[in-house]
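Note sheet for the following structure.
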Amino acid sequence: MTEPPILLAVDIGGTFTDLVALDLTDGRIAVEKLLTTYPDPSLAVIKGVRRLLDRTGIPPASIRYIVHGTTLITNTLIERKGAKTALLATAGFRDAVEIGNEGRYDMYDLALKKPAPLVERRLRFDVPERMLADGHVWRPLDEACLREICVLLRVEAVEAVAVCFLHAYTNPAHELAALDIARQALPGVAISVSHQVAPGMREYPRASTTSANAYVQPIMDSYLGDLETGLRSSGIEAPLNIMLSSGGTTTVAAARAFPVRLVESGPAGGALAGVHWGRLLGETDVLAFDMGGTTAKAALTRAGELAISHQSEVAHVHRFKRGSGLPLMVPMIEMIEIGAGGGSIAHLNALGLPAVGPESAGSAPGPASYGNGGAQPTVTDADLLLGYLNPDYFAGGGIQLDVQAARESFAELAAALELPLERTAWGVHQLVNENMAAAARVHGAERGLEIRRYCMVATGGAGPVHACGVAQGLGISRIIIPPLAGVGSAFGFLSAPIAFDFTRSYVAGLDALDLSELNSILTDLELEGRRIVEAAGVAPGDISVGLSIDMRYVGQGYEVRVPFAMEALTEGHIAEMQRVFEEEYRAFYGQLAHGVAIEAVNWRVLISGPPPQIGDAAFDMTISAEDSPFTCRPARFSPEAAPVETPIYRRDRLGPSWWSAGPCIIEEAASTTVVLPGWSARVAEGGCLLLRRMSSDEKLQGASA
């Protein structure tokens with residue numbers, strides 16, 4: 001029986017909801033973009049799906065599956081709008097989420113503010129029990145006390161419970177018993193246990209992660225239920241897969257059980273899109289730069305692969321300060337939030353200096369130029385005043401931008417800075433570019449990467465507008481603007497395999513590994529992962545299994561991730577583990593600690609299906625080859641010089657041989673590409689635009705590189 005040919009991807013952002021439908025039979029793509037709806041983002045999804053199907057004539061039965069990524073989890077944690085949650089902890093450890101790691105993320109800030117726990121103290125309870133690090137019971141679980149606590153929780157009408165007992169990742173017996181008691185005493189309450197959510201060592205991040213999972217679980221459960229109902233009412237019976245922060249997809253059931261794994265599901269799509277388009281043009285060292293309406297994210301590849309991190313933060317008190325957020329122990333593509341988005345608000349900070357974000361106008365009311373009641377100046381308003389955006393063709397003409405409203409929104413800020421209006425808009429644009437370049441520069445330096453040799457792949461509605469400016473700040477000379485860059489994250493979802501990974505802490509020196517016990521642990525993790533991946537529709541024979549080990553020298557506080565073959569471990573593997581660890585350690589730190597013993601800490605098993613074969617998408621970028629600009633408009637490329645009459649091109653009319661020197665502006669329905677003076681642009685493989693910094697001779701000769 002032939003499978004349905006259509007893959008549908010849906011990405012909910014803070015401002016826009018994007019939909020991309022790919023027909024695998026001929027590679028044709030259809031796109032829909034609309035404003036995200038609040039407080040229920042599923043309404044925009046259902047509206048967008050119906051609009052897309054009606055406009056294209058795609059029968060609902062022809063959809064093979066849907067991949068969905070969302071910012072709902074992130075926004076819930078940032079806005080603190082989750083469920084009323086309680087925490088059950090080992091006696092003496094209920095305040096671990098308050099104490100944290102006892103470090104100061106800014107040692108010179110005398111008024112330092114730490115992130116508040118998701119669970120208020122009166123709902124954090126000490127439970128008499130104690131498991132030792134080796135898995136032996138030191139103090140049995142006091143079940144009678146736990147039942148009394150459950151009575152209090154029922155009186156408090158809690159909606160979710162997080163259970164985090166000491167060393168439960170080694171022996172989960174007490175957490176399993178607590179789970180049974182709580183389920184009986186608190187029917188209908190979401191319950192998360194740490195050995196399932198974050199089965200790793202380090203009590204503070206484990207408790208924080210488990211609390212976050214419980215905190216968002218009822219919200220996600222309700223949202224996914226509404227979404228499935230809406231899709232069914234639209235005639236779509238295709239399975240719904242949910243995008244994970246790690247770059248894979250999973251079932252709705254797994255997403256409901258572990259919603260905290262979706263915290264960066266949207267940005268993960270942008271990173272995957274960067275890798276896809278980079279490979280198409282022969283670029284393996286890629287900086288995936290995704291700038292949407294609310295935030296800008298970046299990810300760097302290593303030998304063509306994205307790095308996966310299991311230590312991250314969310315809901316920062318200070319947006320760009322590590323340590324100021326809630327720690328999460330979940331696998332996610334290693335990304336950094338490098339700046340603001342198109343809807344981020346420009347203002348004067350406490351020192352009277354101009355700043356942008358982190359507050360965003362979102363989709364409601366949105367930037368002042370949207371005409372929906374917004375009055376504060378945003379990055380989008382600045383880009384409009386600089387002449388970069390077409391007020392009549394924003395979002396393909398779906399949103400008419402109000403230039404006068406944008407001017408009025410900047411009036412107060414310009415007056416405070418004692419600068420002309422356009423000069424203020426220029427300053428906001430440049431401030432955003434430099435902030436993003438600086439953050440990406442530090443991110444690369446911390447990892448020992450020479451970012452100047454990378455190729456940028458810019459996606460998101462605002463990414464192509466700011467790409468040249470950010471690239472100049474980083475010393476990058478090549479930029480790829482993919483087709484339909486404005487819905488790049490949604491397109492990236494289509495390349496994501498069905499995958500899930502599990503982690504177990506098992507700390508031991510390489511000379512003291514109990515291989516029998518370790519093989520048993522790895523087998524259990526593999527079986528559990530296979531169950532989830534097979535439930536998502538992957539045939540058992542198509543599943544691949546990978547292993548990585550977190551290793552360190554004895555006495556160190558943090559580890560190095562080491563890839564390893566997934567097979568039954570024997571004594572002969574010990575020397576290979578040491579060799580691979582030393583190779584990775586030297587690559588990261590430049591030297592080894594000779595004579596110091598090595599130990600393994602965390603064992604991570606990744607179970608995945610094959611990546612979707614999306615083939616060569618037929619974007620129909622050329623309606624008719626009209627390589628000359630269809631119009632011109634004034635745009636500003638210098639703070640002091642007058643605006644320049646700039647040629648404007650429509651991307652869907654550019655022929656395969658098109659080339660132009662900057663400045664020029666290339667418009668398409670979901671984004672706008674700004675080519676600065678000193679840069680060139682040409683149509684490349686796959687309908688991509690390739691932007692390149694021109695040499696002095698090229699600038700003089702006006703010739704293509």
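The values are calculated or read from the model by the stated rules, or taken from the named source; none is laboratory data. Computed from a predicted model, the values in this text were never measured in an experiment. We place every Cβ from the backbone using ideal geometry, glycine too, and count neighbours over all the protein chains shown.
Is it the case, given these coordinates, that Ser192 is outside the structural domain of Ala96 (by TED's automatic domain parsing) and small (Gly, Ala, Ser)?
Criteria not met by Ser192.
Tell me the residue from Ala9, Ala30 that is closer than 14 Å to Gly269 by Cβ, touching a Leu at 6+ places or on another chain (Cβ under 7 Å) and not β-branched (Val, Ile, Thr), please.
After applying the criteria, what remains is Ala9.
Quick check on Thr90: is it in contact (Cβ under 8 Å) with a residue 40 or more places away in the chain, among the hydroxyl-bearing types (Ser, Thr, Tyr) and out of contact with any Leu (no Cβ under 6 Å at 6 or more places or on another chain)?
It is false that Thr90 is in contact (Cβ under 8 Å) with a residue 40 or more places away in the chain, among the hydroxyl-bearing types (Ser, Thr, Tyr) and out of contact with any Leu (no Cβ under 6 Å at 6 or more places or on another chain).
Working carefully through the options Val428, Val403, find the one that is among the β-branched types (Val, Ile, Thr) and surrounded by fewer than 16 Cβ atoms within 10 Å (Cβ to Cβ).
After applying the criteria, what remains is Val403.
Filter region 472-504 for residues that are in a helix (DSSP H, G or I) and either within 21 Å of the chain's Cα centre (by Cα) or in contact (Cβ under 8 Å) with a residue 60 or more places away in the chain (or both) and give the result.
Pass one, region 472-504, residues in a helix (DSSP H, G or I): 472-474, 485-493.
If the condition is that a residue be in a helix (DSSP H, G or I) and either within 21 Å of the chain's Cα centre (by Cα) or in contact (Cβ under 8 Å) with a residue 60 or more places away in the chain (or both), then Gln472, Leu474, Ala485, Gly486, Val487, Gly488, Ser489, Ala490, Phe491, Gly492, Phe493 are the ones that fit.
Quick one: Asp511 ticks every box in (1) within 30 Å of Ala273 (Cβ to Cβ); (2) over 19 Å from the mean Cα position of the chain (by Cα) except a single one, so which number is it?
(1)
Please find, among Gly492, Gly475, Gly486, the residue that is under 30 Å from Leu654 (Cα atoms) and at pLDDT below 90.
After applying the criteria, what remains is Gly486.
Of all residues in region 88-118, which are buried (at least 16 other Cβ atoms within 10 Å of the Cβ) and farther than 23 Å from Met332 by Cβ?
Leu88, Ala89, Thr90, Ala91, Phe93, Arg94
Residues are listed down the side, and each one gets a yes or a no for (1) surrounded by fewer than 24 Cβ atoms within 10 Å (Cβ to Cβ); (2) closer than 30 Å to Ile451 by Cβ; (3) in the same structural domain as Ala21 (by TED's automatic domain parsing):
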| residue | (1), (2), (3) |
| --- | --- |
| Gly235 | yes, no, yes |
| Ala238 | yes, no, yes |
| Gly248 | no, yes, yes |
| Val252 | yes, no, yes |
| Arg256 | yes, no, yes |
| Ala273 | no, yes, no |
| Glu283 | yes, yes, no |
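Which of the following residues is under 24 Å from the mean Cα position of the chain (by Cα) and modelled with pLDDT of 90 or more: Leu527, Leu547, Leu518, Leu522?
Leu547
Enumerate the helices (runs of 4 or more DSSP H) found wholly within region 159-258, keeping only those where 1 or more residues are under 25 Å from Gly537 (Cα atoms), among the polar types (S, T, N, Q) and in contact with a helix residue (DSSP H, G or I) (Cβ under 9 Å, 6 or more places away or on another chain).
Fully inside region 159-258 and qualifying: 194-197, 203-233.
If you scan region 277-301, which residues turn out to be over 21 Å from Leu244 (Cβ atoms) and in a loop (DSSP other than H, G, I, E, B)?
Of everything in region 277-301, those that are over 21 Å from Leu244 (Cβ atoms) and in a loop (DSSP other than H, G, I, E, B) turn out to be Leu281, Gly282, Glu283, Thr284, Asp285, Gly293.
Output the residues belonging to region 315-348 that are modelled with pLDDT of 85 or more and more than 30 Å from Ser369 (Cα to Cα).
Listed by number, the residues that qualify are Gly325, Leu326, Pro327, Leu328, Met329, Val330, Pro331, Met332, Ile333, Glu334, Met335.
Could you list, in sequence order, the residues of region 539-577 that are of a type in the set (Phe, Trp, Tyr) and surrounded by 16 or more Cβ atoms within 10 Å (Cβ to Cβ)? Steps first, answer last, please.
In the first step, residues of region 539-577 are kept if they are of a type in the set (Phe, Trp, Tyr); the result is 553, 558, 564.
Across region 539-577, the qualifying residues are Tyr553, Phe564.
Please go through region 320-340 and pick out each residue that is over 15 Å from the mean Cα position of the chain (by Cα), within 25 Å of Val470 (Cα to Cα) and of a type outside the set (A, V, I, L, M, F, W, C).
Those that are over 15 Å from the mean Cα position of the chain (by Cα), within 25 Å of Val470 (Cα to Cα) and of a type outside the set (A, V, I, L, M, F, W, C): Lys321, Arg322.
In region 472-504, how many residues are under 14 Å from Ser246 (Cβ atoms) and in contact with a Ser or Thr (Cβ under 6 Å, 6 or more places away or on another chain)?
5
Regarding Thr229, is this residue in the same structural domain as Ile73 (by TED's automatic domain parsing) and hydroxyl-bearing (Ser, Thr, Tyr)?
Criteria met by Thr229.
Restricting the search to region 49-79, which residues are part of a helix (DSSP H, G or I) and either buried (at least 21 other Cβ atoms within 10 Å of the Cβ) or touching a residue at least 60 places away in the same chain (Cβ under 8 Å) (or both)?
Val49, Arg50, Leu53, Pro60, Ala61, Leu72, Ile73, Thr74, Asn75, Thr76, Leu77, Ile78
Considering region 189-212 alone, what residues qualify as being among the polar types (S, T, N, Q) and in contact (Cβ under 8 Å) with a residue 40 or more places away in the chain?
Correct list: Gln196, Ser208, Thr209, Thr210, Ser211.
Exactly one of (1) touching a residue at least 12 places away in the same chain (Cβ under 8 Å); (2) part of a loop (DSSP other than H, G, I, E, B) is unmet by Ile648. Its number?
Among (1) touching a residue at least 12 places away in the same chain (Cβ under 8 Å); (2) part of a loop (DSSP other than H, G, I, E, B), the lone unmet condition for Ile648 is (2).
From the residues in region 119-130 that are without any contact (Cβ under 8 Å) to a residue 40 or more places away in the chain and assigned to a loop (DSSP other than H, G, I, E, B), which one is surrounded by the fewest Cβ atoms within 10 Å (Cβ to Cβ)?
Glu120
So, in region 1-42, of the ones that are surrounded by fewer than 17 Cβ atoms within 10 Å (Cβ to Cβ) and acidic (Asp, Glu), which residue ends up nearest to Lys297 (Cα to Cα)?
That would be Asp40.
State all residues of region 505-552 that are in a helix (DSSP H, G or I) and among the hydroxyl-bearing types (Ser, Thr, Tyr); if no residue qualifies, say none.
Result: Ser516, Ser520, Thr523.
Working carefully through the options Gly444, Gly448, find the one that is farther than 15 Å from Gly342 by Cα and assigned to a loop (DSSP other than H, G, I, E, B).
It is Gly448.
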